[in-house]
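The values are calculated or read from the model by the stated rules, or taken from the named source; none is laboratory data. What you are looking at is a predicted structure, and each value in this text was computed from that prediction instead of being measured. Neighbour counts run over all protein chains shown; Cβ positions are idealised from the backbone, glycine included.
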Amino acid sequence: MEYPHSLETFLTAVVEHPLPVIASIQGAALGAGCQIAVACDLAVAATDARLGIPSARLGVVIGFDNVQRLLLAVGPKRAGEMLLTGRELSGEEAVSWGLVNEAVPAAELRDRSERLAEEIASGAPLSVRASKRGLRAVLAKLSVDRETEGFRLTDFDMMAADALSSEDLKEGIRAFRERRRPEFRGR
């Protein structure tokens with residue numbers, strides 16, 4: 001399947017980019033949109049934005065690296081609530097959860113995001129780049145390395161693959177399109 005691979009390639013590029021990347025969130029950032037926001041270094045959301053990962057309501061599993069990034073961003077209990085219930089957060093709630101840096105009225109979003117970028121750009125370039133690299137290095141040390149811990153991830157990877165080919169995923173997508181509650185069967 002091409003979509004998950006291309007999304008992960010994009011998210012890795014965001015995380016590994018040498019310069020700070022700022023997410024500016026208006027409207028819905030659900031699923032991949034929320035994963036992009038989490039991968040960015042900073043995020044500003046409209047107060048009425050909606051952020052979440054509705055995978056449990058669709059029957060899909062997000063990638064391990066994305067679970068890890070979410071957990072490091074909001075902590076284990078809140079990451080669990082988002083992943084296990086599909087809970088959506090407003091921009092204001094996302095601030096209190098640590099998912100975004102700040103929430104502003106939608107009309108001010110672009111200006112605030114640009115001012116934040118200008119503030120970063122006015123800093124010493126070597127310091128900004130080194131700080132981003134230092135933050136990412138510390139986060140990497142807090143993360144599970146798939147290479148050295150790969151044996152532990154086999155079950156997760158198999159379960160995620162099973163979910164991608166399940167009847168539940170098809171039902172979740174149908175229910176989403178039909179705007180109804182899905183009837184999952186665990187198959």
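I need the full set of residues from segment 115-129 which are in a helix (DSSP H, G or I) and either loosely packed, with under 13 Cβ neighbours inside 10 Å or at pLDDT 95 or above (or both), in order please. Within segment 115-129, 115, 116, 117, 118, 119, 121, 125, 126, 127 qualify.
Whether any residue in segment 52-72 is part of a strand (DSSP E or B), buried (at least 17 other Cβ atoms within 10 Å of the Cβ) and not basic (Lys, Arg) is what I want to check. There is at least one residue in segment 52-72 that is part of a strand (DSSP E or B), buried (at least 17 other Cβ atoms within 10 Å of the Cβ) and not basic (Lys, Arg).
Across segment 25-39, the qualifying residues are those that are surrounded by fewer than 20 Cβ atoms within 10 Å (Cβ to Cβ) and either hydrophobic (A, V, I, L, M, F, W, C) or not in a loop (DSSP other than H, G, I, E, B) (or both), and the one among them that is nearest to the chain's Cα centre (by Cα) is 36.
Within segment 94-143, the set of residues being within 24 Å of residue 51 (Cα to Cα), small (Gly, Ala, Ser) and over 19 Å from the mean Cα position of the chain (by Cα) comprises 106, 107, 117. The residues of segment 91-114 that are farther than 18 Å from residue 36 by Cα and either loosely packed, with under 12 Cβ neighbours inside 10 Å or hydroxyl-bearing (Ser, Thr, Tyr) (or both), listed by number, are 96, 105, 107, 111. Tell me yes or no: at least one residue of segment 84-95 is closer than 14 Å to residue 24 by Cβ, of a type in the set (D, E, K, R), modelled with pLDDT of 95 or more and in contact with a strand residue (DSSP E or B) (Cβ under 7 Å, 6 or more places away or on another chain). Taking every residue of segment 84-95 in turn, none turns out to be closer than 14 Å to residue 24 by Cβ, of a type in the set (D, E, K, R), modelled with pLDDT of 95 or more and in contact with a strand residue (DSSP E or B) (Cβ under 7 Å, 6 or more places away or on another chain). Residue count for segment 50-77, restricted to those that are more than 17 Å from residue 40 (Cα to Cα) and polar (S, T, N, Q): 1.
When segment 139-175 is limited to residues that are surrounded by 13 or more Cβ atoms within 10 Å (Cβ to Cβ) and at pLDDT below 65, the one that is farthest from residue 58 (Cα to Cα) turns out to be 146. Each residue in segment 79-90 was checked for being surrounded by fewer than 19 Cβ atoms within 10 Å (Cβ to Cβ) and not acidic (Asp, Glu), and 6 of them qualify. For beta carbons closer than 6 Å, sequence separation of 6+ or different chains, a first residue in segment 64-87 that is free of Cβ contacts under 8 Å to residues at least 40 places away in the same chain and a second that is aromatic (Phe, Trp, Tyr), the qualifying pairs are 74/97; 78/97.
Listed by first and then second residue, the pairs linking a residue in segment 123-138 that is closer than 20 Å to residue 13 by Cβ to a residue that is not in a helix (DSSP H, G or I) and not hydrophobic (A, V, I, L, M, F, W, C), with Cβ atoms under 8 Å apart and 6 or more places separating them unless they lie on different chains, are 128/20; 129/18; 132/18; 132/20; 132/41; 133/18; 135/41.
For segment 33-69, a residue qualifies if it is modelled with pLDDT of 95 or more, out of contact with any Lys or Arg (no Cβ under 8 Å at 6 or more places or on another chain) and among the aliphatic types (A, V, I, L, M), and the qualifying residues are 36, 37, 42, 43, 45, 46, 49, 51, 53.
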